[in-house]
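Just so it is clear, none of the values below were taken in a lab; they were calculated from the coordinates. Keep in mind the model is a prediction, meaning the values are calculated, not measured. Because the Cβ atoms are built from the backbone with ideal geometry, glycine has one as well, and the counts that use them run over all protein chains shown.
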Amino acid sequence: MLVTCEHGGHEVPRAYQGLFAGASRVLRSHRGWDPGALALARDLARRLQAPLRFATTTRLLVDLNRSAHNPRVFSERSRVLPRAERLDLMVAFHDPYRRGVDRDVADAATEGVVLHLSVHSFTPTLHGVPRKADIALLYDPRRPLERALTSEWIRALRGAAAGLRIRRNHPYLGRSDGLTTWLRGRHPPGRYLGIEIEVNQVLLNRRGRFPGGLAKLLVETLTRTDVVCRGEA
């Protein structure tokens, strides 16, 4: 297993702080990072005894969960940079992170099937539209093992936490552009399963963390699925 968190912080490297003058509020908002995601990822990795790879540079500089060709890999603040400087951002932040995760997957795949959990959080309301989920699992339904694992995991979650709204491929589609989608293009379905865990930020406590029992719930229900028990993930 492998755990990652692409939007773990809202840090701005010194060389780029001029781009974010007066932007402290937006940096701390859901636009600058995924609040609570890194602490949850750390807890999951600890409980699963899995390696963790994460980033704490703000997604508003360069978004590690977007492909290089995606126009949204840069925000309105970094998009104004000359092309050469945008390429520097890719070389300094985007490419090393993705290559590192790809290398982790390739190394782990020599031992069997790799289950990659990419941990994110989402704002409860976007553009005035409420998101009707507490926890969502994003996957590619065209990949049989991902489909089987997600179905079993959601069923187990609903049985263990009847009060939570559990959905699949919400508020985004699992096959949309993202790190897991990119990795699916590099590793066969029999060797790589990429699942994004999306948690509603409405569940954050006053300290900006998700409840301590959330990671325990996710791990206990995951390890009860047939796909994991059979060693297929």
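Okay, here's what the table says:
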{"item": "Electrostatic dipole magnitude of the chain [Cβ: Lys, Arg +1; Asp, Glu -1; Cα centre; debye, to 20]", "result": "580 debye"}
{"item": "Prolate/oblate/rounded call for segment 107-233, Cα gyration tensor, a/c under 1.5 rounded", "result": "prolate"}
{"item": "Relative contact order of the chain, defined on C-alpha pairs under 8 angstrom at six or more residues apart (%)", "result": "25 percent"}
{"item": "Three-way shape label, the chain, alpha-carbon gyration tensor, a/c 1.5", "result": "oblate"}
{"item": "Helical contribution to [θ] at 222 nm, DSSP H n ≥ 4, -39,500 (n - 2.57), averaged over the chain, rounded to 500", "result": "-9500 deg cm²/dmol"}
{"item": "Backbone N within segment 46-60 under 19 Å of label point (7 Å from residue 102 Cα along the Cβ vector)", "result": "53-55"}
{"item": "Positive-end extreme of charge dipole, segment 2-229 - chosen from 122, 101, 69 (charges on Cβ)", "result": "122"}
{"item": "Simple spin-label estimate for residue 15 and residue 172 in nanometres, 7 Å along Cα-Cβ", "result": "2.6 nm"}
{"item": "The chain: antiparallel DSSP beta bridges as a percent of all, rounded to 5", "result": "25 percent"}
{"item": "Span-rule helices in the chain, defined as complete DSSP H runs reaching 18 Å or more along the axis (Cα) with Kyte mean at least -1.0", "result": "144-160"}
{"item": "Summed residue charge, Cβ within 11 Å of residue 65's Cβ, Lys/Arg positive, Asp/Glu negative", "result": "-1"}
{"item": "16 Å reach of a label modelled at residue 109, 7 Å along Cα-to-Cβ, counting backbone N of segment 46-64", "result": "none"}
{"item": "Extension gain, residue 209 back to residue 165 (0.36 nm per residue minus Cα-Cα distance, nm)", "result": "14.0 nm"}
